[in-house]
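This structure is in structure tokens; I'll ask about it shortly.
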Amino acid sequence: MAKTATELQTLLRNIDHRGYPAYKDTKGSYSFGRYILSIDHVQGDPFASPSKVSIHIAGKEAGFPAEYYGKKERRIALQDYLLRLFRKEVDKYNFKAKGSGKSGLMSASRPGQEVLERTACEIDAATGDLVVRLEVGFPANGRTICSSELIKILFDFLPKCVQDVLFYKRLNSREVEETMFLADDRKYIRDGLEEWGLVAFVANGSVLPRESGVSDKPMKDSVTFTSPESMEIELQLPHKGAVKGMGIRKGITLIVGGGYHGKSTLLKALELGVYDHIAGDGREYVITAPDAVKIRAEDGRCVKKDDISMFVNNLPNGKQTSNFYTEDASGSTSQAANVIEAMESGSSLLLIDEDTCATNFMVRDELMQRVVHRDKEPITPFIERARYLYEKRGISCVIVAGSSGAYFHIADQIVQMDNYVPQEITALAKNEAAKYPVLLLPDKEPSGPDYRRAPGASSGGGRQHGQGYRGGRGGSDRSGGDHGSDSRVKIKGMGKEAVSLNKETVDLRYVEQIADSEQVMTLGYLLAYAESNLFNGRDTMQKVVETLIDIIQKKGLTSVVPGSYLPSGLALPRRQEIFACFNRYRNLKL
């Protein structure tokens, strides 16, 4: 049972001017009338990671219509909408309470342009019960409690944030409804791609260029997207009505054009089109097949017993490529591994930009084929497998090419970007390509990759089945005691670039579809859980990931994050990024 807010205030006054550890006595739940305040974790001192606090509101009290949270897409959109409003309110009071170190800090998750499922704001799909999580720096002078400043936070600042944002009657109902309608329209497009024979849709009027290399906001006064007439389709969306745009059909699509004309900008929009985007982003109706994977070379990455024989064979040193292992992959072998791992993850669309690819993996021109015979070249370039991948495996490709016309021969549709305006030039390019020799393709189709590799328990990370672990920076100090072991794994996120388990860092710099640093932290927890509980040397990587996703869908993230509270700074990644993280873990035992 929750205590009363009055009891909390009395407790705070009683511990005023005592040593900082006395704040630990505040841990628990307190009724503030329309909501419950839960102090979930108290920091050890004013300079440590801030305390963790959560707000709990019963569904009937919050008052959101059931149709706004009963369906997954609407629920996630509503959670995202409320979190953004709450964050904006909390920012008004950040460090308004004074003290040493992190005293007075008030912080909620800061979403980017993508709409992601986050632990910072969760709504129960059945009851509408609402939970919002945030961090608060409990104030102190030096290491002496200053409870009068915490009373300001918990009894003045925070109640204003809660009352103004988390109750439906206080919100702009039309704005909430429009958020729901946008979620419906995006789902309609995403669900329809397969039926319409498309892998992506880019609406006319979309703003694809971003503000800068360090800002993901739309560029002001940029050229808006307009579909080539030959590729334009019209969709009747449930709420917005008629929307026209470019439909990218299944098959092999080539994007060409001069430098700085928008080729990579279009591809980048397609990469992130696997996620929904907020209103005003400019990419609200850029929708890509949800399992699409960006492929690139990744020199130096580890490769753990991938079957890359579809692309690499007959190495001079006799090394096996059906069970390929290296701690330091070359550009070509890393890109081959990335393709195979994307296939293993169930991807139906590969996105490729030649600027980030290994040239010898992508193409060997006709002259080189004649001078260096196929028997002397271990690498079968991607151009010789692309049609096989589509026709036999159902995997489409969108490829940006600026220097080689070899792909004209095998492409189904060719788009030229001219000053950010796309034009379809398939017929012209095919006619010109007919004047040049056709590349010789292999006589024999490859056998399908072998996905039977089964990860075993590692000597690092969780080490043994059932061991606990804990998190690191950014609201992630987690006790693993709930898992029945005194052993711990420390998880630390490093932005979108990496996550570490103890001293082992998983390099994620080139997993380009990670949209948020909170996804990286979640990947760390998922990897630690899998290593402790699922890596057994029998279940394949596919089986492990499917089991993990099933656990999350049925029981939520609380089932894979140990300890007594759920961190506020987690966001769900796609299954493709889970595969990518696991495959880059150097301690993975196969």
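For Cα pairs less than 8 Å apart in space and 6+ apart in sequence, what is the mean separation divided by the residue count of the chain, i.e. the relative contact order in percent?
Relative CO of the chain lands at 12 percent.
For the chain, what does -39500 (n - 2.57) per DSSP helix run (n ≥ 4), summed and divided by total residues, give at 222 nm, in deg cm²/dmol to the nearest 500?
-8000 deg cm²/dmol
Taking the Cα centre of each part, how many Å lie between segment 316-334 and segment 483-533?
26 Å
Now, a different point. Please report the antiparallel percentage of DSSP beta bridges with both residues in segment 248-450, rounded to the nearest 5.
Working: 8 of 24 bridges.
Around 35 percent antiparallel, to the nearest 5.
Follow-up. Assuming R0 = 22 Å, what is the FRET efficiency of D328 and R393, from their Cβ-Cβ distance, to the nearest 0.05?
With R0 = 22 Å, the Cβ-Cβ based efficiency is 0.15.
Another one. Among DSSP beta bridges whose residues both lie in the chain, state the antiparallel percentage, nearest 5.
75 percent
Here is a follow-up. Rounded to the nearest 0.05, what FRET efficiency do Y436 and T547 have when you use their Cβ-Cβ distance and R0 = 56 Å?
With a Förster radius of 56 Å, E is 0.65.
Between F47 and N172, what's the calculated FRET efficiency when r is the beta-carbon distance and R0 is 35 Å? Round to 0.05.
0.30
Moving on to the next point. Expressed in nm to one decimal, what extension gain is obtained for the pair V214 and K98 from 0.36 nm per residue of sequence separation less their Cα-Cα distance? Show your work: numbers first, answer last.
Details: separation 116, 0.36 × 116 = 41.76 nm, distance 3.17 nm.
Taking V214 through K98 to full extension adds about 38.6 nm, to one decimal.
Okay, moving on. Can you find, among A434, S230, V398, the residue sitting farthest towards the positive end of the charge dipole of the chain, where Lys and Arg contribute +1 and Asp and Glu -1 at Cβ?
Of the listed residues, the answer is V398.
Let me ask something else about it. S29 label point, 7 Å along Cα→Cβ, cut-off 18 Å on backbone N: hits in segment 59-89?
Within reach of a label on S29, which here means backbone N under 18 Å from a point 7 Å along Cα→Cβ, segment 59-89 contributes 59-63.
Order these peptides, 298-306, 448-456, 515-523, by their mean beta-carbon neighbour count within 10 angstrom, highest first.
Values: 298-306: 20.8, 448-456: 16.2, 515-523: 25.7.
The most tightly packed comes first, giving 515-523, 298-306, 448-456.
Helix 331-344: angle to the longest alpha-carbon principal axis of the chain, degrees 0 to 90, nearest 10?
Rounded to the nearest ten degrees, it is 70.
D16 to K555: extension gain in nm, 0.36 nm per residue of separation minus the Cα-Cα distance?
That pair, D16 and K555, stretches by 190.0 nm at full extension.
Next question. Where the only charges are on Cβ atoms (+1 Lys, Arg; -1 Asp, Glu), what is the dipole of the chain about its Cα centre, to the nearest 20 debye?
Roughly 1780 debye for the chain.
Treat every Asp and Glu Cβ in segment 1-120 as -1 and every Lys and Arg Cβ as +1, leave all other atoms uncharged, and give the resulting dipole magnitude about the Cα centre to the nearest 20 debye.
I would put it at about 140 debye.
Just going by the charge dipole of segment 248-450, with Lys and Arg at +1 and Asp and Glu at -1 on Cβ, which of S345, A329, I383 is farthest out on the positive end?
Value computed over the given set: I383.
Tell me the relative contact order for segment 355-426 as a rounded percent, counting alpha carbon contacts under 8 Å between residues six or more apart.
For segment 355-426, the relative contact order is 21 percent.
Something else now. How long is the gain from S222 to N419 if the chain were fully straight, where each residue apart is worth 0.36 nm and the alpha carbon distance is subtracted?
69.9 nm
Taking the Cα-to-Cβ direction at E234 and at E194 and moving 7 Å from each Cα, how far apart do the two end points lie in nm?
Here the modelled spin labels are 2.8 nm apart.
Given A120, Q9, V506, which one lies farthest toward the positive end of the charge dipole of the chain, if we put +1 on the Cβ of every Lys and Arg and -1 on the Cβ of every Asp and Glu?
Looking along the dipole axis, the top candidate is Q9.
Of the cross-linked pairs K268/K543; K88/K169; K24/K102; K250/K294; K52/K92; K24/K88, which ones have a Cα-Cα span greater than 23 Å in the structure shown?
Pairs exceeding the cut-off: K268/K543; K24/K88.
I'd like the Karplus ³J(HN,Hα) series for segment 74-87: coefficients 6.51, -1.76, 1.60, θ = phi - 60°, whole numbers in Hz, and an x wherever there's a Gly or Pro.
5, 4, 5, 5, 5, 4, 4, 4, 5, 4, 5, 5, 5, 4
In debye, nearest 20, what is the charge dipole magnitude of segment 87-184 about its Cα centre with +1 on Lys and Arg Cβ and -1 on Asp and Glu Cβ, if you could check?
Computed about the Cα centre, the dipole is about 720 debye.
We did not get these values from a lab; they are worked out from the coordinates using the rules stated. Note that the coordinates shown come from a computational prediction; the quantities given were computed from them, not determined experimentally. Cβ coordinates were reconstructed from backbone atoms using ideal geometry, including for glycine residues, and neighbour counts include every protein chain displayed.
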